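Student: My structure is below; once you've seen it, I'll send some questions.
Bear in mind that the values in this text are calculations on the coordinates, not laboratory data. Remember, predicted model here, so these are calculated numbers, not experimental data. Backbone-built Cβ (ideal geometry, glycine too); neighbour counts: all protein chains shown.
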Amino acid sequence: MVGILDTNNGAIRYLHAGARPIMGASTYLTPANILVYSKPKQTAMQLNIAGLAGSYKSNVNFTISPSASFNGNSYSSAVIVMSSWQFYVSSSSLSPTSTASVDPQFANVANVEQTPLTIQVSSTSFLTYIPFTTTGVYGSNFNIVLDSLKFPYSLDLPYYSVSLIDGTGAIDGYNEFINQNQNIFYTGVLQDLAFSCNDNSLGVINTYCTIGFSSFQDIEIGAVLVVNLYGLFVSTNLCSMQYSNGTSIPIASCLPNVNQNILTITLANTEQLPFNTQYSIVINGMSIDATQISNYITFQVMDPTNAYAIEQKTRILLTSVAQDFPIEITQFSFEKTNPVVPSSLFVNFTLPRPLNADEAFALVLNKDFITPNNIPSKINIRLMMADGVTLVPTTWVLKSINSQIIFENLQTVLTASAYSLELYGITTPSTVAQDMISIIYLRIYDNTYAKSNIASSTSTFPALTSKVNSLITLQTYFNTEGLEQELLFTVINQFVPITQYTVWVINLPIYYSQPIWNDDYLIYCTISGTPLPCTRSVHTPYQIVVSSSPLLVSVGSSTTYTITVFGITCPRAAYLNGNSMFATESIFLGMY
Amino acid sequence: MLPLIVQERSRITNFDMYFSNNIYNSGGNFLNVIRLVSSDPTQWTNVLQVNEKRVITVFAYQGWTNLFTTLSSYSSYPCASNLAASYTYIQGSNTQNLTSDYPLNWDRINIILPGTESSTKFSIIIPTQYPSTAAYSF
């Protein structure tokens with residue numbers, strides 16, 4: 001029935017009905033009680049195809065063998081092909097030879113309703129319907145000529161059947177192809193393939209390589225590109241593809257196999273990519289095996305199921321002798337060189353190359369160093385250019401589990417030049433070791449050290465000098481959550497008198513506020529009741545700096561003095577009183 | 001109960017239904033095809049409002065579920081046409097009167113036409129299967 005659908009509410013108003021389904025009506029069918037195989041098998045009836053698997057071919061003859069009594073004078077007459085691959089695709093068409101044909105007649109401009117149609121009826125089954133009309137009996141073999149037919153993704157001919165239907169809807173003859181015609185298709189070669197790496201040195205651990213290629217065939221929607229590596233390894237999920245003009249082509253995934261010698265790139269293109277066009281693929285995470293006598297790739301353009309190679313080619317990599325320069329650390333220095341005190345560490349270093357897109361800049365800390373410095377909020381890290389003035393903006397995370405401080409988003413920032421790192425608020429270790437801190441390029445995909453400093457490229461750590469422990473006691477007042485607290489230190493200096501040049505630093509535990517005072521006007525300190533300047537430390541969190549004493553105090557047990565800090569917000573009681581989370585936290589008072 | 005379909009409604013001329021490969025039990029390798037052909041676009045001249053589309057419904061007395069997979073009601077049915085039409089399978093009733101006077105109770109395929117049917121000749125092919133020699137009414 002034919003009607004009108006109201007798209008607002010889905011209601012259909014039927015206006016016309018077809019013939020009532022009674023015997024003889026066009027809407028009434030009694031299927032014939034015969035088997036297909038009792039009909040004549042027309043062995044000449046076939047698609048005449050052979051060639052490049054997955055390619056498109058024009059001017060293909062489809063031989064049709066009607067019986068002597070074939071009569072095709074109705075819209076029922078057609079060639080029906082059931083095939084396990086879709087050979088008649090959206091770009092396929094009847095060739096001009098066939099559209100101009102008079103007897104038998106095929107679709108032409110005036111008869112668009114007679115154009116061939118294709119349906120996917122299951123995951124591996126396609127029905128192609130090629131209608132044609134003869135003016136009556138037509139008993140001789142003839143060809144339907146088709147353009148831009150799609151060849152299968154296989155070297156053998158997949159299954160297909162052909163049935164010729166006459167004007168009554170009955171099968172006139174059939175033919176069927178099952179597991180035969182081996183190797184009538186073949187894999188083609190790529191039109192062009194180039195391969196180079198940013199660092200072609202033998203033994204390079206992490207570099208990025210570029211594959212340039214063009215194909216003789218269009219590249220399918222969702223095609224798979226496979227890079228087989230020999231004497232090379234890949235560890236990445238970061239690939240990019242573009243046209244020669246830089247226009248990006250989307251990639252759905254880029255995955256190495258377990259052995260890291262096959263990279264499978266699945267495209268996310270929504271249209272076919274044209275043949276005879278230069279493409280380039282950049283692959284990160286490549287390493288070059290120095291033990292192999294040659295290093296090369298075989299690049300394959302596969303079908304979307306990754307089952308068959310449509311085109312492929314091999315290209316050797318021209319390698320060079322290894323010149324794998326390490327990261328060079330030119331200087332270490334501590335702000336305070338005493339063991340186990342709040343201090344700062346300054347590291348000057350030179351990078352041998354820019355950071356790659358799949359790498360992170362990171363510090364590796366040894367156990368002695370990470371143990372007292374595993375609270376990120378106490379540490380402030382600044383990355384500076386070599387001039388010591390220009391700040392390189394970055395963020396970082398502390399990964400205690402593998403003792404790394406990983407900096408983020410520096411891939412396009414760091415170049416082969418000198419930098420310095422300033423780590424404020426660290427606690428110095430009890431002893432220093434040469435491996436206390438290393439600088440690395442970390443390949444993110446598999447945590448490989450792509451670059452690092454080595455012993456011969458690392459400056460010697462400064463030695464630590466022991467500190468003097470003085471008698472210091474602490475009293476606190478206004479110990480109520482949120483109130484402005486008063487910390488009163490009573491100190492006896494043993495060896496060094498207090499002068500106008502003396503500086504005190506007070507480091508508070510992390511359960512205090514990081515900026516210490518809620519408001520600047522609350523910052524107020526005294527020495528033995530006389531006001532003196534005090535500030536927050538410029539870069540070190542939780543640190544108060546008291547200086548410029550107006551009093552002179554000599555050494556010895558008879559010359560006790562007090563340092564009082566006012567206005568610090570009292571921490572929450574829950575953080576104190578034996579809370580195990582902060583058992584190692586303490587207030588530190590030091591002077592120099 | 002759904003209303004009786006009035007068979008005397010007008011029929012569209014030069015628009016009809018054809019069977020290709022009309023044998024039974026043909027299986028997946030030689031599938032049956034029902035073909036709708038409109039060879040005269042001037043028959044599709046009724047005026048549509050902006051919220052209206054022409055729809056062809058093909059009812060099947062024996063149902064439309066004989067294809068390779070079991071379709072759920074309101075899922076897309078695999079059809080093809082030279083028009084950009086859409087095809088929806090809708091399951092019929094199991095309990096109501098299924099005689100030929102009540103095709104609205106049968107399984108059906110709704111074919112929603114894009115509008116170009118009034119200017120272009122078209123054909124639509126619908127694959128199906130006939131598992132027996134019983135009469136198939138559409």
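Student: Mind checking which of A:Pro571, A:Thr502, A:Tyr542 is farthest towards the positive end of the stretch A:471-591's charge dipole, using Cβ charges of +1 (Lys, Arg) and -1 (Asp, Glu) about the Cα centre?
Tutor: Looking along the dipole axis, the top candidate is A:Thr502.
Student: Further question: Which value in Å does the Kirkwood hydrodynamic radius of the stretch A:188-316 take, with 1/r averaged over all unlike C-alpha pairs and then inverted?
Tutor: The answer is 14.5 Å.
Student: State, as an integer percentage, the relative contact order of the stretch A:327-458 based on alpha-carbon contacts under 8 Å between residues 6 or more apart.
Tutor: On the way: 300 pairs, mean separation 50.3, N = 132.
Value for the stretch A:327-458: 38 percent.
Student: Treating only the Cβ of Lys, Arg, Asp and Glu as charged (+1, +1, -1, -1), what charge dipole size does the stretch B:15-128 show about its Cα centre? Round to the nearest 20 debye.
Tutor: Magnitude of the dipole: close to 160 debye.
Student: Now for a different question. Over its Cα atoms, what ratio of radius of gyration to 2.2 N^0.38 Å does the stretch A:327-458 give?
Tutor: 0.98
Student: What average count of beta carbons from other chains do you get within 10 Å of the Cβ of residues in B:107-114?
Tutor: Across B:107-114, the average partner-chain Cβ count within 10 Å equals 1.
Student: What is the Å³ per residue value for the convex hull set by the Cα atoms of the stretch B:11-89? Before the final figure, lay out each step's value.
Tutor: Numbers: hull volume 10.8 nm³, N = 79.
Spelled out: Cα convex hull of the stretch B:11-89, divided by residues, is 136 Å³.
Student: Only four residue types carry charge here, +1 at the Cβ of Lys and Arg and -1 at the Cβ of Asp and Glu. Report the dipole size of chain A about the Cα centre in Debye, rounded to the nearest 20. Walk me through the intermediate numbers first.
Tutor: Working: 19 positive and 33 negative charges, 86 e Å.
Charge dipole of chain A: 420 debye, to the nearest 20.
Student: Sticking with this structure for a sec: Going 7 Å from the Cα of A:Asn402 along its beta-carbon direction, which residues of the stretch A:326-359 have the amide nitrogen within less than 13 Å of the resulting point?
Tutor: Inside the label zone: A:359.
Student: While we're on this one: Please get the size of the charge dipole for the stretch A:327-458, origin at its Cα centre, with Cβ charges of +1 on Lys and Arg and -1 on Asp and Glu, quoted in debye to the nearest 20.
Tutor: That gives the stretch A:327-458 a dipole magnitude of about 160 debye.
Student: OK, next. Which peptide among A:114-127, A:30-43 comes first, and what is the full order, when sorted by highest mean count of other Cβ atoms within 10 Å?
Tutor: Values: A:114-127: 18.4, A:30-43: 14.5.
The peptides rank, most packed first, as A:114-127, A:30-43.
Student: Still on this structure: List the residues of the stretch A:258-285 whose backbone N lies under 20 Å from a point placed 7 Å from the Cα of A:Tyr296 along the Cα-to-Cβ direction.
Tutor: A:261-263
Student: Here's something else I'd like to know. Could you give the C-alpha radius of gyration of the stretch A:471-591 expressed as a fraction of 2.2 N^0.38 Å, taking N as the number of residues it contains?
Tutor: Dividing the Cα radius of gyration by 2.2 N^0.38 Å gives 1.06.
Student: Taking each pair of different alpha-carbon atoms in the stretch A:38-185 once, compute 1/r for the pair, average those values, and report the inverse of that mean as the Kirkwood hydrodynamic radius in Å to one decimal.
Tutor: Values: mean 1/r = 0.0650 Å⁻¹.
That comes to 15.4 Å for the stretch A:38-185.
Student: Let me ask something else about it. Compute for the stretch A:534-592: radius of gyration divided by Kirkwood radius, i.e. Rg/Rh, restricted to C-alpha atoms, rounded to two decimals.
Tutor: So for the stretch A:534-592, dividing Rg by the Kirkwood Rh gives 1.03.
Student: Could you give the Stokes-Einstein D for chain B in µm² per second, using the C-alpha Kirkwood radius, 4 °C, 1.567 mPa s?
Tutor: It comes out at roughly 80 µm²/s.
Student: Turning to a different aspect of this structure: Report, for the protein assembly as shown, the % of DSSP beta bridges that are antiparallel, rounded to 5.
Tutor: Values: 200 of 209 bridges.
Here the share of antiparallel DSSP bridges comes out near 95 percent.
Student: Let me ask something else. Mind listing P(r) for chain A? All alpha-carbon pairs, 20 Å bins, whole percents.
Tutor: 15, 29, 21, 18, 13, 4, 0
Student: A further question follows. Based on the Cβ-Cβ distance from A:Lys41 to A:Val321, what FRET efficiency comes out when R0 is 60 Å, to the nearest 0.05?
Tutor: 0.30
Student: If I take every Cα pair under 8 Å that is 6 or more residues apart in chain A, average their sequence separation and divide by the length, what percent do I get for the relative contact order?
Tutor: Values: 1473 pairs, mean separation 56.6, N = 592.
Reported as a whole number, the value is 10 percent.
Student: Okay, moving on. Which GluC sites (Glu not before Pro) does the stretch A:462-497 hold that lie in a coil by DSSP with at most 15 other beta carbons within 10 Å?
Tutor: Qualifying residues, ordered by number: A:Glu481.
Student: Right, something else. Quickly work out the A:Ser148-to-A:Ser513 label distance, labels modelled 7 Å from Cα along the C-beta direction, and quote it in nm with one decimal.
Tutor: So the label points at A:Ser513 and A:Ser148 sit 7.1 nm apart.
Student: State the cysteines of the protein assembly as shown left without a partner when partners are defined as other cysteines whose beta carbon lies under 4.7 Å away.
Tutor: Among the cysteines of the protein assembly as shown, those whose Cβ sits 4.7 Å or more from every other are A:Cys570, B:Cys79.
Student: For chain A, what is the calculated [θ] at 222 nm in deg cm²/dmol (nearest 500), taking -39500 (n - 2.57) for each run of four or more DSSP H residues and dividing by its residue count?
Tutor: My calculation for chain A gives 0 deg cm²/dmol from helical runs alone.
Student: Further, regarding this structure: Looking only at other chains, what is the average number of their beta-carbon atoms within 10 angstrom of each beta-carbon in B:33-41?
Tutor: That works out to 5 on average.
Student: Along the charge dipole of the protein assembly as shown, pointing to its positive end and built from +1/-1 on Cβ of Lys, Arg, Asp and Glu, which listed residue (A:Tyr424, B:Leu36, A:Ser320) has its Cα farthest out?
Tutor: Among A:Tyr424, B:Leu36, A:Ser320, the one farthest towards the positive end of the dipole of the protein assembly as shown is B:Leu36.
Student: Can you tally the lysine pairs in chain A where the Cα-Cα distance is under 23 Å and the two residues are eight or more apart, or on different chains?
Tutor: 13
Student: Can you pull the one-decimal nm distance between simple spin-label points at A:Ala110 and B:Gln49, each 7 Å off the Cα toward Cβ?
Tutor: Distance between the two pseudo-spin positions: 4.0 nm.
Student: May I ask which residue of A:Thr247, A:Asn259, A:Gly222 lies farthest towards the positive end of the charge dipole of the stretch A:188-316, with charges of +1 (Lys, Arg) and -1 (Asp, Glu) on Cβ and the Cα centre as origin?
Tutor: The Cα lying farthest towards the positive end belongs to A:Asn259.
Student: Can you compute the label reach from A:Gln272? Point 7 Å from Cα along the Cβ direction, backbone N cut-off under 19 Å, restricted to the stretch A:217-239.
Tutor: Only A:217-225 fall inside the zone, counting backbone N under 19 Å.
Student: In whole percent, what relative contact order does chain B give with Cα contacts below 8 Å and a gap of six or more residues? The partial results should precede the final answer.
Tutor: On the way: 268 pairs, mean separation 48.5, N = 138.
35 percent.
Student: Calculate the mean, over all residues of peptide A:112-118, of how many other protein chain Cβ atoms lie within 10 angstrom of the residue's Cβ.
Tutor: Working: counts 6, 14, 5, 5, 3, 9, 2.
Mean shielding count: 6.
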